[in-house]
Amino acid sequence: MASITVTMPDGAKRQVEIGTPVAEVLKSLGSYNRQVVAAKVNGRIVDLSTQICEDCGVAPVSVESPEGLDILRHSTAHLMAQAVKRLFPEVQITIGPTIADGFYYDFKRDQPFTPEDLNKIEEVMREIVAAACPIRREEMPRAAAIEFFKGLGEQYKAEILDGIPEDAVSLYRQGEFVDLCRGPHVPSTAAIKAFRLTSVAGAYWRGDERNEMLQRIYGTAWPSSKELDAYLKRIEEAKQRDHRRLGPALDLFSLHPIAPGSPFFHPKGAVVYNALIQYMRSLYGRYGYTEVITPLIFKTELWQTSGHYEAFHDDMFLMKAEEEEYGVKPMNCPGHCYLFATRKHSYRDLPVRYADFSRLHRFERSGTLAGLTRVRSMVQDDAHIYCTPAQLDSELEQFIAMTREVYGVFGFDRIEVTLQTRPERFLGRIELWDAAEAALRRVLEQAGYPVTVLPGEGAFYGPKIGFDFRDVLERSWTLATIQIDCAMPERFGLKYVTPEGTDAVPVMLHRAVLGSIERFIAILIEHTAGRLPLWLAPVQVRVLTITERQDHYGREVTDRLLRAGLRAELDNRNEKLGLKIREGQLEKVPYMLVVGDKEAANGTVAPRSRSGESSPALPLDAFIDRLLDEAVPGRRSETPAS
Ligand SMILES: [Zn+2]
Ligand SMILES: [Zn+2]
């Protein structure tokens, strides 16, 4: 028999007989173990049973690799469909793709699946895994496959096949179950070790609400039960910390259908909101920013000049007034360009740094809105810098320094930096783009950050760097960003006078450190589980009386705290002390001051932190001094943040 040459990633070569399954090749080369679920042949991922018919490069695909995990999860979707058909033969199958951390499968069934159904399905899945059912690929002419699925009563599969251009299609068979699928799959159901069905939801066939409603079962699958358990724990923790639950529970904000995606900040939420803005404002003097106030609504001519109208107009709120079209601003930049152009600038005036806490509106589709993380109405700690090309590097360095300072205050220490480069659709000259990308790279390198490049992900007007922060739940959030604008200064005809007396176009930078205040609050709530640091806590101290006898002293203590500039409240209700403490802890109030007869007589207070540690009574003045010291942004408080 003819032989062919296979090459491993390390360059090792071997002669094998033509038609040898790739699993055998891997075994003969010592590259096969229980973690291997598929193989790469000349870079293409295939089933382990695939026969090798020509000279090629071969590599194993481990279940721990992203590709391997995807194969495992899709194979678990097939396994789930097999179990569903065993339990409910009248159900029709449709599609079952993978998603982040898991998979789903849509079934045609009139009534929804119940949690008990999910348990039964999982049980049957485990039986099929125990039976170690081989999973085999078959090929079939498309017409024959249509007849085959019609014969099984699977109308949706027949419909999918109708829309496929290929003449031949592949099916995957495991025991009595057959699915139309491109593959690849794990070789046997025994390879599926750890899974859980997580939820059920309605979904329209082909995502179109004019079509019939299907039942979607979601699940997750992992290489080991250890990884599955860790994932389920993470999900549970995320639910507990979800800002959409905690925010309203802590009386910080709410959302109402009367203004979709536009949060109402309650008195306590407004304290947090304003404290964040105030903190950023407090840095502006030192970093050379000046605050400006600019219009909310502009004639759309402005957005045509800036290029937003073309790229962004489906995402804007537009309106007609006096026969003219107006738009509510989705960002401050074009308005700042107008402001810059209101006066003549010399190189000596630059850099100009405009900071603006204006409200912005973006028309996000209702289906995409989510709590405070995806909103229609928001405020950013936004600023635009206009400088000379020679000042660019030092402006970028200053921005990095400011970001470091702010992240330090919040204790955000796990940072990843990304550089997002020119997208396919872009404005401005390519030389400007190249120079801008080079400047960003240079400054990041000097600052000592390893950089992940995200090709093509820059904004349409310029490249961007992002400082991504990883939270306690291992999720990554882009907060601080800076972009070099390669289009707007020229489009708005901005200029300054150079030392030689000629006109030149200034460099424009867009930057924010917190990003949207709304989204930042959401992230902070989830990262701290609602235990905001003292300087941000809406109520910093609550005074708790034990009986009516301390009413007078309680008022006096609260009053002194308020006069010291602390956010204090008195709880003198006729309730048990234990209940008052529990409520304070639930509301995540950093400190509770218990005042009984002894404290009233001695002019002391007995502090208790929200994590339950109590300290011995101390004079009120001493406590106030300690708190004032601790309520400074970035000061570590006695009570750990998480
Ligand atoms: Zn499939
Ligand atoms: Zn901007």
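Screening residue 568 against (1) under 30 Å from residue 242 (Cα atoms); (2) under 31 Å from the mean Cα position of the chain (by Cα) leaves a single unmet condition, (2).
Does the range 539-547 contain at least one residue that is more than 34 Å from the chain's Cα centre (by Cα), charged (D, E, K, R) and over 19 Å from residue 588 (Cβ atoms)? Steps first, answer last, please.
Of all residues in the range 539-547, those more than 34 Å from the chain's Cα centre (by Cα) come to 542-547.
Within this subset, residues satisfying the condition of being charged (D, E, K, R) are 542.
This time we only want the ones that are over 19 Å from residue 588 (Cβ atoms), so: none.
For the range 539-547, residues more than 34 Å from the chain's Cα centre (by Cα), charged (D, E, K, R) and over 19 Å from residue 588 (Cβ atoms): absent.
Of all residues assigned to the range 310-320, at least one qualifies as being without any contact (Cβ under 8 Å) to a residue 12 or more places away in the chain and in contact with a helix residue (DSSP H, G or I) (Cβ under 9 Å, 6 or more places away or on another chain). Among the residues of the range 463-507, those identified as within 16 Å of ligand 2 (Cβ to nearest atom) and open to solvent by 50 Å² or more (accessible area, probe 1.4 Å) are 490, 491. The residue list 589, 605, 594 contains one member that is in contact with a strand residue (DSSP E or B) (Cβ under 7 Å, 6 or more places away or on another chain), in a loop (DSSP other than H, G, I, E, B) and open to solvent by less than 30 Å² (accessible area, probe 1.4 Å), which is 589.
Condition check ((1) under 30 Å from residue 158 (Cα atoms); (2) within 15 Å of ligand 1 (Cβ to nearest atom)) across all residues:
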| position | (1), (2) |
| --- | --- |
| 177 | yes, yes |
| 182 | yes, yes |
| 187 | yes, yes |
| 198 | yes, no |
| 211 | yes, no |
| 226 | no, no |
| 236 | no, no |
| 240 | no, no |
| 252 | no, no |
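Among the residues of the range 49-79, those that are under 25 Å from the mean Cα position of the chain (by Cα), within 16 Å of ligand 1 (Cβ to nearest atom) and not small (Gly, Ala, Ser) comprise 67, 69, 70, 71, 72, 73, 74. Pairs linking a residue in the range 215-236 that is more than 22 Å from residue 35 (Cα to Cα) to a residue that is open to solvent by 40 Å² or more (accessible area, probe 1.4 Å) and aliphatic (A, V, I, L, M), with Cβ atoms under 7 Å and 6 or more positions apart or on different chains, are 215/200; 216/200; 217/200.
Close Cβ contacts (under 7 Å, 6 or more residues apart or on different chains) running from residues in the range 114-127 that are under 13 Å from residue 84 (Cβ atoms) to residues that are part of a helix (DSSP H, G or I) and open to solvent by 50 Å² or more (accessible area, probe 1.4 Å) comprise 120/87; 121/87; 124/86; 124/87.
Only one of the listed residues (188, 170) is within 28 Å of residue 230 (Cβ to Cβ) and more than 16 Å from ligand 2 (Cβ to nearest atom). That residue is 188. The set of residues in the range 593-605 that are over 12 Å from residue 554 (Cβ atoms) and in contact with a Pro (Cβ under 7 Å, 6 or more places away or on another chain) comprises 603, 604. Taking the listed residues 73, 86, the one that is more than 16 Å from ligand 2 (Cβ to nearest atom), within 18 Å of residue 193 (Cβ to Cβ) and at pLDDT 95 or above is 73, with no other qualifying. Condition check: assigned to a loop (DSSP other than H, G, I, E, B), modelled with pLDDT of 90 or more and closer than 30 Å to residue 35 by Cβ. Does residue 196 satisfy that? Judged against the criteria, residue 196 is not a match.
For the range 252-268, indicate whether the set of residues that are assigned to a helix (DSSP H, G or I) and under 30 Å from residue 569 (Cα atoms) is non-empty. Let's see the steps before the verdict.
Looking only at the range 252-268, we keep the residues that are assigned to a helix (DSSP H, G or I), and these are 267-268.
Now restrict to residues that are under 30 Å from residue 569 (Cα atoms): 267-268.
The answer is yes; a qualifying residue exists.
For the range 449-462, the count of residues that are touching an Asp or Glu at 6+ places or on another chain (Cβ under 7 Å) and more than 16 Å from ligand 2 (Cβ to nearest atom) is nonzero. If you check residue 232 against the conditions, is it outside any strand (DSSP E or B), more than 16 Å from ligand 1 (Cβ to nearest atom) and either open to solvent by 10 Å² or more (accessible area, probe 1.4 Å) or modelled with pLDDT under 95 (or both)? Spelling it out, residue 232 is indeed outside any strand (DSSP E or B), more than 16 Å from ligand 1 (Cβ to nearest atom) and either open to solvent by 10 Å² or more (accessible area, probe 1.4 Å) or modelled with pLDDT under 95 (or both).
The values are calculated or read from the model by the stated rules, or taken from the named source; none is laboratory data. It should be emphasised that the depicted structure is a prediction, and the values quoted were computed from it without experimental measurement. So basically every Cβ, Gly included, is an ideal-geometry build from the backbone, and we count neighbours across all protein chains shown. Note: areas computed on protein heavy atoms with side chains; ligands, DNA, RNA excluded. Shrake-Rupley method; radii C 1.70, N 1.55, O 1.52, S 1.80 Å.
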